[in-house]
1. Between A234 and N42, what is the label-to-label distance in nm when each label sits 7 Å out along the Cα-to-Cβ direction?
2. For the cross-link pairs K40/K202; K84/K104; K169/K231; K104/K202; K169/K215; K81/K202, which exceed 18 Å when the distance is taken from alpha carbon to alpha carbon?
3. Subtract the Cα-Cα distance of F68 and K81 from 0.36 nm times their separation in residues, and report this length gain in nm to one decimal.
4. Compute the relative contact order of the chain as a whole-number percentage, counting only Cα pairs closer than 8 Å that sit 6 or more residues apart in sequence.
5. Using helices alone, what [θ] at 222 nm do you get for the chain, with -39,500 (n - 2.57) per DSSP H run of 4 or more residues, divided over all residues and rounded to the nearest 500?
6. So what is the relative contact order of the stretch 140-231, in percent, for Cα pairs below 8 Å that sit 6 or more residues apart?
7. To the nearest 0.05, what FRET efficiency results for K193 and V97 with a Förster distance of 45 Å applied to their C-beta separation?
8. Looking at the stretch 141-212, which trypsin sites (Lys or Arg not before Pro) are in a loop (DSSP not H, G, I, E or B) and have at most 16 other Cβ atoms within 10 Å?
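Computed from the coordinates by the stated procedures, all read-outs in this text should not be read as laboratory data. Please read all numbers here as calculations on a predicted model, not as lab measurements. Positions of Cβ are generated from backbone atoms using ideal geometry, with glycine treated the same way; all protein chains shown enter the neighbour counts.
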Amino acid sequence: MNTRNLNQNFTRMKKILLINVAALLAILPFTQAKSQETVKRNGYTLTFLNNYAELDPKLKTRLIETFFVVYPKLAKEYNPKTLKEVVFSVDTAYKGVAATAAGKVSFSSVWMKTHPEDIDVVTHEVMHIVQDYGSSVGPWWVTEGIADYARYQFGVDNSGAGWSLPELKPSHHYDNSYRITARFFAYIDQKVKKGAIRAVDKSLRDHTYTADIWKALTGKTIDELWADYQKNPAI
Ligand SMILES: [Zn+2]
């Protein structure tokens, strides 16, 4: 290929690129009604990003209020050194329910629209910020079990969302995660060893967690604890 052909190709590519950028700029204002608001209270800062134009302002207020109620409590109970600055993002592009990474919680606009009462999604997700396990040395079901246990402890309106810890069933196992594990953790804290779940959470943050921690804290392995729980699951 000679230089002239190359130049022609470049010119053509530039034209295509310019047309694409122009098209994108024309569409952008309609697809992304982005807004940003920063709220500071009692040493904590919440930045609220939203690209969902139809987000109910009342729901937005409730998400913010819930953060400022639960986050300081979770910090006090589990990790006073947790991040002071958090970002919430209601994102039309996000397809899950909610997810948290590096101090930022992404909420699905669809979930928010169809489940506006499920406000304690906030509590579960910001607990993941408080946990701050990094690359965890423990199993994921412990991480998610603790996040739902924290929601059970500190949620602002679990009953309004129809959210509760499910009664133990024969098909359950401690590594089912989420609420099933959370109920087991509530049992351990209430009936076996107060503060055990806090200690497990701390060990995950310190990266000192091993499966032996259950025996060190309670005198029993996780399987022995589960067997006891199955015999008498009341909490
Ligand atoms: Zn989670």
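1. 3.5 nm
2. Values: K40/K202 27 Å; K84/K104 12 Å; K169/K231 11 Å; K104/K202 21 Å; K169/K215 24 Å; K81/K202 12 Å.
Pairs exceeding 18 Å: K40/K202; K104/K202; K169/K215.
3. Working: separation 13, 0.36 × 13 = 4.68 nm, distance 1.62 nm.
Contour length minus the Cα-Cα distance gives 3.1 nm.
4. Values: 309 pairs, mean separation 33.2, N = 235.
Reported relative contact order: 14 percent.
5. On the way: 9 runs with 120 residues, N = 235.
Value at 222 nm, helices only, nearest 500: -16500 deg cm²/dmol.
6. On the way: 84 pairs, mean separation 24.0, N = 92.
Computed over the stretch 140-231, the figure is 26 percent.
7. Numbers: r = 32 Å, r/R0 = 0.71.
With R0 = 45 Å, the Cβ-Cβ based efficiency is 0.90.
8. Values: sites: R151, R179, R183, K191, K193, K194, R198, K202, R205; in loops: K193, K194.
Those satisfying the criteria are K193, K194.
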